[in-house]
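First the structure, in the form of structure tokens, and then the observations on it.
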Amino acid sequence: MRATGGATRTIPYAAWLAQPAYLAAEVLLALCAGVGYSLADDTISALGTTCDSLDATGCSSAAWAMNLVFIGFGLLQAVGAIPLVRGASARERVVGGLWVLAGVFSVGVGLAPVDVHPTLHALVALPVFVAQPLALLLHARWLTTGRVRVAGTALGVAALAGAVSFGALLGADAGSGAAERLAIWPAKLWLPLAALTLGRVGGRSR
């Protein structure tokens, strides 16, 4: 990667620095969702589902807020990848394209809540579970070095394991929420580190 400066590269990367706030927003909304929501057993998408009765479980009284979180952080993820999409190497462009793909489809998840558009929601959610773990793993392996690469590889493997586990547990009574979060959360922790190190180590990664 070219270690060039300038706002055209640093501003988009700065969008990635906000990604850990997604975790705080999701956990906060889960705690406020109402009686019966479980981080371990209920899916993330359920937080974007409106409760239709007072005793409903696995839903949220602030579904609109979670859907805005999906949209906002998806956009930030895609914007942060723009310099990679425009990068000098094929590896940069592949990694950037995967991050953009995952971000754009995350926006789709928020625009098509599962209780309103179940089929469309499933279609737009699937690419996230494929593109995002791959983006994380390839980003770490191709564009970083040293301890950053080790950390990213570990997070990428965890995300891939989470995605596979989530697919196996989808529809089960227990464990699907934990598996889904294992698939999604590592990227939110990785992106700020990537933003801070791309210009410094990216040029020496190949």
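List of remarks:
- Residue of Ala179, Ala21, Ala140 that the Gaussian network model of the chain assigns the largest fluctuation, springs spanning Cα pairs under 10 Å: Ala21
- Prolate/oblate/rounded call for region 48-169, Cα gyration tensor, a/c under 1.5 rounded: prolate
- Sorting His117, His139 by accessible area puts them as His117, His139; the probe is 1.4 Å, largest comes first, and only protein heavy atoms count.
- Ranking Arg86, Arg93 from most to least accessible surface, computed with a 1.4 Å probe over the protein chains only, gives Arg86, Arg93.
- The chain - accessible surface per residue (Å², probe 1.4 Å): 45
- Accessible-area composition of region 62-144, carbon plus sulfur, in percent [1.4 Å probe]: 78
- Residue-level accessible surface for Asp52, protein heavy atoms, 1.4 Å, Å²: 140
- Taking every DSSP helix (H) stretch of at least 4 residues in the chain, weighting each as -39,500 (n - 2.57) and dividing the sum by the residue count yields a mean residue ellipticity at 222 nm of -23000 deg cm²/dmol.
- If you take the alpha carbon atoms of the chain and fit the smallest convex hull around them, that volume is 100 Å³ per residue.
- Neighbourhood charge, 13 Å Cβ-Cβ cut-off, centred on Gly97 and excluding it, Lys, Arg +1 and Asp, Glu -1: +2
- Eigenvalues of the alpha-carbon gyration tensor of region 98-167, scaled by 5 and square-rooted, set the equivalent ellipsoid semi-axes at 27, 12, 7 angstrom, largest first.
- Span-rule helices in the chain, defined as complete DSSP H runs reaching 20 Å or more along the axis (Cα) with Kyte mean at least -1.0: 63-80, 90-111, 118-143, 146-169, 176-201
- When Val157, Val95, Val114, Val107 are compared by accessible area at a 1.4 angstrom probe, the order from most to least is Val157, Val114, Val107, Val95.
- Diffusion constant of region 65-133 at 20 °C, which comes from Stokes-Einstein with the Kirkwood Cα-pair radius and 1.002 mPa s, µm²/s: 178
- Share of carbon and sulfur in the accessible heavy-atom surface of region 147-196 [1.4 Å probe, %]: 72
- One Cα centroid belongs to region 114-130, the other to region 132-190; the line between them spans 19 Å.
The values are calculated or read from the model by the stated rules, or taken from the named source; none is laboratory data. Given the structure is predicted, the values throughout are model-derived calculations rather than measurements. Here Cβ is always computed from backbone atoms with ideal geometry, including for glycine, and neighbour counts include all displayed protein chains. Remember, those area values only see protein heavy atoms, side chains included, never the ligands or the DNA or RNA. Shrake-Rupley method; radii C 1.70, N 1.55, O 1.52, S 1.80 Å.
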